[in-house]
């Protein structure tokens, strides 16, 4: 929305409001590492979560470099186009399995795990991930309360 306002408006007040909106909406980058960590494999979790933030900074650097070469209007159109493409690509992502399990939607969580791990529906990997999520969300139901409390008190 912010790039749309900047692209199609020439009033200072609207552009300032768009910049405020962009600043507020950039707080989504605080949530992205959490989202990534909910579905990625433990062996690459750190790389992916920190990588997302590194690529954010690289994107800002590239936009500064391109901004020096393009006119104001051309830069606004480029950023608007990239925003629309990103929005379209984000529509293909699934909810995180952890969130779906919190909502009690186990079948959808299973499909989400299949999507992110590229596994078959009845694979051992999907079943293990479902069990791991259940243990994280409901430790008292999984019989790990004594072990968990014991290891915590040490």
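The values are calculated or read from the model by the stated rules, or taken from the named source; none is laboratory data. Small disclaimer: the values here were computed from a predicted structure and weren't measured. Note: ideal-geometry Cβ built from the backbone for every residue, glycine included; neighbour counts use all protein chains shown.
Here are a few things to note about the model shown:
For (1) surrounded by 12 or more Cβ atoms within 10 Å (Cβ to Cβ); (2) out of contact with any strand residue (DSSP E or B) (no Cβ under 9 Å at 6 or more places or on another chain); (3) modelled with pLDDT of 90 or more; (4) not assigned by TED's automatic domain parsing to the domain that holds residue 118, each residue gets a yes or a no:
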residue	(1), (2), (3), (4)
36	yes, yes, no, yes
42	no, yes, no, yes
45	yes, yes, no, yes
50	yes, yes, no, yes
54	no, yes, yes, yes
65	no, yes, yes, yes
69	no, yes, yes, yes
80	yes, yes, yes, yes
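- Filtered by the rule that a residue be part of a loop (DSSP other than H, G, I, E, B), in contact (Cβ under 8 Å) with a residue 60 or more places away in the chain and more than 16 Å from the chain's Cα centre (by Cα), the stretch 78-108 gives no residues.
- Here residue 111 does not fit the description of being assigned to a loop (DSSP other than H, G, I, E, B), out of contact with any strand residue (DSSP E or B) (no Cβ under 9 Å at 6 or more places or on another chain) and within 24 Å of residue 35 (Cα to Cα).
- Any pair with Cβ under 6 angstrom, 6 or more apart, that starts in the stretch 23-40 at a residue that is on the phi < 0 side of the Ramachandran plot and ends at one that is surrounded by 11 or more Cβ atoms within 10 Å (Cβ to Cβ) and at pLDDT below 80: none
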